[in-house]
Structures are given as structure tokens and as C-alpha cells.
1. Which condition number in (1) assigned to a loop (DSSP other than H, G, I, E, B); (2) exposed (fewer than 15 other Cβ atoms within 10 Å of the Cβ) is the one that Asn50 fails?
2. Sort out which residues of segment 19-47 are part of a helix (DSSP H, G or I), open to solvent by less than 10 Å² (accessible area, probe 1.4 Å) and either of a type in the set (A, V, I, L, M, F, W, C) or at positive phi (or both), and write them in order of number.
3. For residues that are open to solvent by 50 Å² or more (accessible area, probe 1.4 Å) and outside any helix (DSSP H, G or I), scanning just segment 107-125, find the one that is modelled with the highest pLDDT.
4. What residue, among those in segment 53-73 that are without any contact (Cβ under 8 Å) to a residue 40 or more places away in the chain, out of contact with any Asp or Glu (no Cβ under 9 Å at 6 or more places or on another chain) and in a helix (DSSP H, G or I), is least open to solvent (accessible area, probe 1.4 Å)?
5. Just name the residue that is farthest from Leu114 (Cα to Cα) out of those in segment 2-61 that are in contact with a Gly (Cβ under 7 Å, 6 or more places away or on another chain) and polar (S, T, N, Q).
6. Taking segment 1-18 only, how many residues are closer than 18 Å to Tyr92 by Cα and open to solvent by 20 Å² or more (accessible area, probe 1.4 Å)?
Amino acid sequence: MNIAIMCHNRKQELMVQFCTAYCGLLSKHTLCATNATGRMVAEATGLPVNLFLSHEHGGIEQIGQRIIYNEIDMVLFFNYPQDTDMDDSVMYITRLCDQHSVPMATNVATAEMLITAWPGAIWTGASA
């Protein structure tokens, strides 16, 4: 499964913690991410992450194109709802996921449900 990971700058540490906790499950899949988030996750977890451009340079659009071409199976986009600057990016990815039936999580609770409930996921605890 191809999983795209993205997040607001204020949620990067949370994304790293999430990916660390679910490293065992995530290691069975192909991860891609915008540049800064992907580097942080890769350095903290040792997981291979395919890096796209940074958010400011078109990384969101690159991932959006992969959603359109059915190359992404799940999106984890941890949002910071108090920041209105990210609203356009979040809405762009949300619309694409809705249009192409790609499951998307914008918070940890939903991400946990998606990761652990996905067909083929073997749940043995958060550090699986």
C-alpha cells in the first residue's frame, strides 16, 4: 500500500511520534511525504520515505497528482485547524481523496483507525 504523509509544521513532531509508534506496520508499506516531514520521519524511524518537494514548492500538488493517478492508497495529513493558511492545501487534498475514494486522516485518532483497520494490517500493539 502507498501511504502519503503530510502535516502542518506545528504537527510535525506528532507525525514523527505517530510513525515511530506504528513503525512496524508502516514498514510493510511504501511511504511518501513532503520534504521536511518526510526527512523528519525517516531520520527518527529509519523508515524509507520517498520525498517530494516541500509544501511551499509544490509537494502538496505532487502528492495530489499521485492521488489522481491512483498511486496513493491512503493519506495521513495532520492538520492544525487554527491556522487558516493551510486550509487551501488541506481542502485540495481532501477534495481529491473524496473524489478518488482514498481514505484520509487529518488527526491521530483517525490515522490509528485507518492504519490498524486496513485489510492485511496485523495489530499487535502500537509498537508493532
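1. (1)
2. Here is the first cut: in segment 19-47, the residues part of a helix (DSSP H, G or I) are 19-21, 23-26, 35-45.
Pick out the ones that are also open to solvent by less than 10 Å² (accessible area, probe 1.4 Å) and you get 19, 25-26, 37-38, 41.
Passing the criteria: Cys19, Leu25, Leu26, Val41.
3. It comes out as Asn107.
4. Residues of segment 53-73 that are without any contact (Cβ under 8 Å) to a residue 40 or more places away in the chain, as a first pass: 53-54, 56-58, 61-62, 64-65, 68-70.
Those still in the list that are out of contact with any Asp or Glu (no Cβ under 9 Å at 6 or more places or on another chain) too: 54, 56-58, 61-62, 64, 68-70.
Retained after the next criterion (residues that are in a helix (DSSP H, G or I)): 56-57, 61-62, 64, 68.
Details: Glu56: 131, His57: 137, Glu61: 94, Gln62: 54, Gly64: 0, Ile68: 66 Å².
Looking at residues that are without any contact (Cβ under 8 Å) to a residue 40 or more places away in the chain, out of contact with any Asp or Glu (no Cβ under 9 Å at 6 or more places or on another chain) and in a helix (DSSP H, G or I), I get Gly64.
5. Per the stated criteria, the residue is Asn35.
6. Within segment 1-18, the first condition is being closer than 18 Å to Tyr92 by Cα, and the residues that meet it are 3-9.
Checking which are open to solvent by 20 Å² or more (accessible area, probe 1.4 Å) leaves us with 9.
Total satisfying the criteria: 1.
The values are calculated or read from the model by the stated rules, or taken from the named source; none is laboratory data. These numbers were taken from a predicted model, which means no experiment stands behind them. Cβ sites come from the backbone with ideal geometry, for glycine too, and all protein chains shown count toward neighbours. In case anyone asks, the SASA skips ligands and DNA or RNA and just uses the protein heavy atoms, side chains included. Shrake-Rupley method; radii C 1.70, N 1.55, O 1.52, S 1.80 Å.
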